[in-house]
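Visitor: The structure under discussion is supplied below as structure tokens; questions concerning it will follow.
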């Protein structure tokens, strides 16, 4: 497939690894922001191919992982109502809340459906005027134009039985939160390629300037990732901090202007609680007040939700890049993808789940 | 979650006032919303996420990256697939 195969080329990855080895003279810690990048890095073993001077830490960029337990419980309560058809991306179905996961709810007779596109949820609302169709609108900026379009179309078509439970999170505020934290050890970022496809990268320029930290917009294939790592290391070794675009075949500075406009028409920025990290100001989207009729959290009044997170789980420290999955005593033991204790194990893009599915818990056991 | 896959536009059409496209992903064809990339034409490659095209792939930039890589390690042998 064009635009994929050439960026998975073994010769190119070897050349990039050689160049990284030649370039690096001291220890550097880089964070890949996006969960898709984490998944690709672990799957291809890229972190293990790098010279020991280059450490990759895995960022908070998995929206499934960071969706708060309260919202998952709210989704569960709404989905269990008999009049509701609850639609979600497949990734969310197995995330356990205090009351179980959505898949279990489906097995108990609730109408929970996986949709590929938010447009499928709008179609369901048109096909079932007698039912309430609720879509779990999760995601980073990448997914926001699609989720926003579903609300835009429902509004335009006068659908009274469509609503969204919004759990949108934003990348720049969480990067700032990490950089502001006293124990930050991230010295450079691989920027999230697909978030920047939508938003462009001008929002990252002030971060580079204020914190003097290199950010290289990076793609998801092995060549893209190694190229992003090389560009970051070259900057660090020269003592520079610049914003560079290593994913030019997809990303341009202004992003997708039409998509950004639609996001602005439908959503506004709000404070958001992140699982594992807590409340981060101005780090999410909610529906604009004039679209409150489409807000499932307002339409379905569910009782107060109290949640209890695991006390053993160290996902907060993993999301900040302070610890690795194998630093957790529960990793691969009490905590597995089938019975996750916290954020980083709940989705295949979480660092713990990515390590687990690549068999790294077995390596750990072998060395113990 | 932020998975994006490149595919080739094989058809453009309107459905209920929404610009859609049939996109070929290496043999599998799926309907995709083109509202955010209205300017794309049949034959163009787009990056698709949750049923929405988010960007038209920039061939010039892709080639530029590959050329830089080729300079890195005499990678003349990296072949560009035809489709």
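Throughout, read-outs are computed from the coordinates displayed, never taken from laboratory work. Just so we're clear, the structure is a prediction, and the values are computed from it rather than from any experiment. Note that we place each Cβ from the backbone using ideal geometry, even for glycine, and neighbour counts take in every protein chain shown.
Visitor: Relative to the longest principal axis of the C-alpha atoms of chain A, give the angle of the C-alpha long axis of helix A:144-156, reported between 0 and 90° and rounded to the nearest 10°.
Guide: Roughly 20 degrees between the two axes.
Visitor: Shifting gears a bit: Taking 0.36 nm per intervening residue step and subtracting the Cα-Cα distance, what contour gain separates residue A:120 from residue A:14 on full extension? Mind dumping the intermediate values first?
Guide: Working: separation 106, 0.36 × 106 = 38.16 nm, distance 4.23 nm.
Working it through step by step, the gained length comes to 33.9 nm.
Visitor: Going by a ≥ b ≥ c, the root eigenvalues of the Cα gyration tensor, does the protein assembly as shown fall in the rounded group (a/c under 1.5), the prolate group (a/b larger than b/c) or the oblate group?
Guide: Numbers: a/c = 1.75, a/b = 1.24, b/c = 1.42.
Note, shape of the protein assembly as shown comes out oblate.
Visitor: Using packing as a proxy for protection, rank A:32-40, A:291-299, B:50-58 so that the peptide with the highest average count of other Cβ atoms within 10 Å comes first.
Guide: Peptide ranking by packing, descending: A:32-40, B:50-58, A:291-299.
Visitor: I've got another one for you. With a 10 Å cut-off between alpha carbons and a GNM built on chain A, which of A:145, A:129, A:173 moves the most?
Guide: Sorting by GNM fluctuation, first place goes to A:129.
Visitor: At R0 = 60 Å, how high is the FRET efficiency between residue A:21 and residue A:270 if r is their beta carbon distance? Nearest 0.05 is fine.
Guide: Working: r = 45 Å, r/R0 = 0.75.
The value I calculate is 0.85.
Visitor: Moving on to the next point. Residue by residue through B:42-55, how many Cβ atoms from other chains fall within 10 Å of the Cβ on average?
Guide: Values: counts 0, 0, 0, 5, 1, 9, 1, 9, 13, 8, 12, 3, 12, 12.
Going residue by residue through B:42-55 and averaging, the value is 6.
Visitor: Per 10 Å bin from zero, what fraction in whole % of the C-alpha pairs of the stretch A:80-189 is there, up to the bin with the longest pair?
Guide: 13, 38, 26, 14, 7, 1
Visitor: Working from Cα positions, state the angle (0 to 90°, nearest 10) between the long axis of helix A:257-266 and the longest principal axis of chain A.
Guide: 40
Visitor: Which of A:68, A:110, A:232 moves most in a GNM of chain A, Cα contacts under 10 Å?
Guide: Residue with maximal mean-square fluctuation among A:68, A:110, A:232: A:110.
Visitor: Right, next: When you look at the Cβ of every residue in B:30-39, what mean number of other chain Cβ atoms sits within 10 Å?
Guide: Working: counts 2, 3, 2, 7, 0, 9, 11, 3, 1, 1.
Mean shielding count: 4.
Visitor: Quick one: grab the alpha carbon gyration tensor of chain B, order the square roots of its eigenvalues as a ≥ b ≥ c, and give me rounded if a/c is under 1.5, else prolate or oblate depending on whether a/b is larger than b/c. Please report the intermediate quantities before stating the final value.
Guide: Details: a/c = 2.55, a/b = 2.42, b/c = 1.06.
Because a/c hits 1.5 or more and a/b exceeds b/c, chain B counts as prolate.
Visitor: A further question follows. Enter the Cα centre distance for the pair the stretch B:37-65 and the stretch A:37-111, rounded to the nearest angstrom.
Guide: 28
Visitor: Using R₀ = 51 Å, calculate the FRET efficiency as 1/(1 + (r/R₀)^6) where r is the Cβ-Cβ separation of residue B:13 and residue A:99; round to 0.05.
Guide: Details: r = 43 Å, r/R0 = 0.84.
With R0 = 51 Å, the Cβ-Cβ based efficiency is 0.75.
Visitor: Ratio of the stretch A:127-264's C-alpha Rg to 2.2 N^0.38 Å, to two decimals? Write out the running numbers ahead of the final one.
Guide: Details: Rg = 18.2 Å, N = 138, 2.2 N^0.38 = 14.3 Å.
So the Cα radius of gyration is 1.27 times the expected 2.2 N^0.38 Å.
Visitor: Ok, one more. What is the antiparallel percent of DSSP beta bridges lying wholly in the protein assembly as shown, to the nearest 5? Working shown, then result.
Guide: Working: 33 of 67 bridges.
If we restrict to bridges inside the protein assembly as shown, about 50 percent are antiparallel.
Visitor: Let me ask you something else. Roughly how many nanometres apart are two label points built 7 Å out from the Cα toward the Cβ at residue A:43 and residue A:29?
Guide: Distance between the two pseudo-spin positions: 2.7 nm.
Visitor: Counting only other chains, and only Cβ atoms inside 10 Å, what mean value do you get across the residues of A:84-97? It would help to have the intermediate numbers written out before the result.
Guide: Details: counts 0, 0, 0, 0, 0, 2, 0, 2, 1, 0, 0, 0, 0, 0.
Taking all residues of A:84-97 together, the mean is 0.
Visitor: Taking Cα atoms, how many degrees apart are the long axis of helix A:222-238 and the longest axis of chain A, rounded to 10 and kept between 0 and 90?
Guide: The helix A:222-238 is inclined about 60 degrees to chain A.
Visitor: May I pose another question? Which shape class applies to the stretch A:102-147: rounded if a/c is under 1.5, otherwise prolate when a/b exceeds b/c and oblate if not, where a ≥ b ≥ c are the square roots of the Cα gyration tensor eigenvalues?
Guide: Values: a/c = 2.82, a/b = 1.32, b/c = 2.13.
Oblate.
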